[in-house]
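K.L.:
I am attaching a structure below and will ask some questions about it afterwards.
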Amino acid sequence: MSYSNEMLELTLARADREISGLIDDEKERQRVHIELIASENFVPRAVMEAQGSILTNKYAEGYPHKKYYGGCGFVERIEEIAIERAEKLFGAEHANVQPHAGTTANQAAYFTVMKPGDTMLAMKLDQGGHLSHGHPLNFTGMLYNVVSYGVDRDTETINYDELASIARKSSPKVIVAGASAYPRAIDFARFREIADETGAILITDMAHIAGLVAGGVHENPTPHSHFVTSTTQKSLRGPRGAFVLCMKEYAADLDRTVFPGIQGGPLLQAIAAKAVCFKLAGEPEFKIYAAQVVKNAAALGLALQARGFRLVSGGTDNHMVLLDLRSRRITGKAAERVLEEAGITTNKNAIPYDPEKPAVTSGLRLGSAAVTSRGMKEDEMKEIARAIDEVLSSPEDAATTRGVRSRMADLSAAFPLYKSL
Ligand code: DSN
């Protein structure tokens, strides 16, 4: 084989059997398991095609029409389209589609308006927040004076009066709205009121609910927020990546913060895939999808409640159900493991005021975005709730686990995934 051309033509299966084989194994796992991780989804094949395209070969530092490389005409147009679509989809004055990941998007928004030592007020990680909302081991915890709000002990929902009182006392530069494990609708108008009253900038991290916002089944934070950050891979059903929306007055500073501030060359293949994702999320079918995601989470939650599970906050308004497993005498860690053996993928999650350590937890987070993408509806949610109940009622019983695994494989087969892949 000559060194250059032939090597470029090799398929993955021929070039690297080890990695190719593991990707095939993972494809099979995705096909036969019931995917309930609330931050995951199955992206359309069109998104994968863009993500896996020849755009990976191109460098294009800078912004459309101000790139630092030649040959950028086509990729500039792709980036412009992605920006236009993001702005239109969420009604934003400005979008930056270059951030590689959600934490980077948050970093971009924070760096645009905060200096080290400034105060940020965000949701506690163990009550629903995200690492990049102020965890001590995250850059946010190292750079900023982090003040936290949580949820009310009784209602397990955000107590906006208490949030306002913490904001008045701490005078934060930034208030962060948004969460990774919060099953209830967020009142962005109230967040903005509190931000305005205390002179803070409101940054909303809508990563989990972006698809619900695009589909019109959750209030849009954009009109209320100075900045909105998001990933694209969760309920929005796009590639792994992120974006930031902001008001016009922050646009130039945000763009400078992303590049050259915290990133170099943008991932053009990801930007193209984001553009496809924004297009698909603006189609009428996506509204139907988003509405079904919410209906499915509600159906899953109700079916689990009927089987004696306690739902944190008593229910769900979005794509997520957070189970308190304490009355079932099993930890989140053990539940995640046995459910995985039974063909149901979930993740352990702290519940508010959790007595267990973060690596163990008393909770389990479930999400409906991925199973809804497969076409599942309320009846399938009831079937999945029955399976979860059976497994968690007899976690040591291998026959139960095996039986459920086989039923979950049959259920998955009835909703085939990526038939043409
Ligand atoms: N790690 C993601 C989640 O699972 O919610 C958030 O970035």
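K.L.:
Label Glu283 and Lys115 with points 7 Å out from Cα along Cα→Cβ: what is the distance between them in nm?
P.N.:
Computed distance between label sites Glu283 and Lys115 equals 4.9 nm.
K.L.:
When a/c reaches 1.5 or more, the comparison of a/b and b/c decides; with that in mind, is the stretch 120-176 rounded, prolate or oblate per its Cα gyration tensor? Can you show the working numbers first?
P.N.:
Values: a/c = 2.97, a/b = 1.33, b/c = 2.24.
Oblate is the answer for the stretch 120-176, as a/c is 1.5 or above yet b/c matches or exceeds a/b.
K.L.:
List, largest first, the extents of the alpha carbons of the stretch 18-149 along their principal axes, each in whole Å.
P.N.:
For the stretch 18-149, the Cα spread along each principal axis is 45, 44, 32 Å.
K.L.:
Give, rounded to the nearest 20 debye, the magnitude of the charge dipole that the chain has about its Cα centre when Lys and Arg contribute +1 at Cβ and Asp and Glu contribute -1 at Cβ. Mind dumping the intermediate values first?
P.N.:
On the way: 48 positive and 52 negative charges, 43 e Å.
Once rounded to the nearest 20, the dipole reads 200 debye.
K.L.:
OK, next. So between Asp154 and Leu12, what do we pick up on full extension, going 0.36 nm a residue minus the alpha carbon distance?
P.N.:
Numbers: separation 142, 0.36 × 142 = 51.12 nm, distance 5.38 nm.
Here the segment from Asp154 to Leu12 would lengthen by 45.7 nm.
K.L.:
If you don't mind, another one. How far is it, in nm, from the label point at Ala413 to the one at Glu80 when both lie 7 Å from their Cα along the line to the Cβ?
P.N.:
Output for this residue pair reads 5.1 nm.
K.L.:
So between Asp24 and Arg329, what do we pick up on full extension, going 0.36 nm a residue minus the alpha carbon distance?
P.N.:
My answer for the length gained is 106.1 nm.
K.L.:
Take the stretch 187-279, drop everything but the C-alpha atoms, weight them equally and run the Debye formula without solvent; then report log10 I(q)/I(0) at 0.10, 0.22 Å⁻¹ to two decimals.
P.N.:
Reported log10 I(q)/I(0), two decimals: -0.29, -1.18.
K.L.:
Starting from the Cα coordinates of the stretch 256-371, work out the convex hull volume and express it per residue in Å³.
P.N.:
Numbers: hull volume 20.5 nm³, N = 116.
Once divided by residue count, the hull of the stretch 256-371 is 177 Å³.
K.L.:
Could you give the length gained on full extension between Asp187 and Lys248, defined as 0.36 nm per residue of separation minus the Cα-Cα distance, in nm?
P.N.:
Values: separation 61, 0.36 × 61 = 21.96 nm, distance 2.30 nm.
Here the segment from Asp187 to Lys248 would lengthen by 19.7 nm.
K.L.:
Still on this model: For the pair Glu396 and Glu49, what calculated FRET efficiency results from E = 1/(1 + (r/R0)^6), where r is the Cβ-Cβ distance and R0 = 35 Å, to the nearest 0.05? Kindly include the intermediate steps, with their values, before the conclusion.
P.N.:
Numbers: r = 45 Å, r/R0 = 1.28.
With R0 = 35 Å, the Cβ-Cβ based efficiency is 0.20.
K.L.:
A further question on this structure: State, to one decimal in nm, how far the label point of Met142 lies from the label point of Glu383, with both points 7 Å from Cα in the Cβ direction.
P.N.:
Result: 4.8 nm between the two label points.
K.L.:
Per residue, how big is the convex hull around the C-alpha atoms of the stretch 1-48? Give it to me in cubic angstrom, could you?
P.N.:
109 Å³
K.L.:
Say a site is exposed when it is one of the trypsin sites (Lys or Arg not before Pro), sits in a DSSP loop, and has at most 11 other Cβ atoms within 10 Å; what is then the longest site-free stretch of the chain? Display every interim value, and only then the final one.
P.N.:
Details: sites that count: Arg153, Arg329, Lys419.
Between the exposed loop sites, the longest stretch runs 154-328.
K.L.:
Can you list, bin by bin at 5 Å, the percent of alpha carbon pairs in the stretch 308-421, starting at 0?
P.N.:
With a bin width of 5 Å, the distribution comes to 2, 11, 21, 23, 20, 13, 6, 2, 1, 0.
K.L.:
Another question, if that's okay. If you wrap the chain's Cα atoms in a convex hull and average its projection over all directions, what's the area in nm²? Could you put the intermediate results ahead of the total?
P.N.:
On the way: hull surface 85.7 nm².
In nm², the orientation-averaged hull projection of the chain is 21.4.
K.L.:
Which of Tyr68, His133, Val338 sits closest to the plus end of the dipole of the chain, meaning its Cα is farthest towards the positive end, when Lys and Arg get +1 and Asp and Glu get -1 on the C-beta?
P.N.:
Val338
Taken together, the values in this text are just the output of simple stated rules run on the coordinates, not laboratory data. Nothing here was measured: the structure is a model prediction, and the numbers come from that model. Positions of Cβ are backbone-derived with ideal geometry, glycine not excepted, and every protein chain shown enters the neighbour counts.
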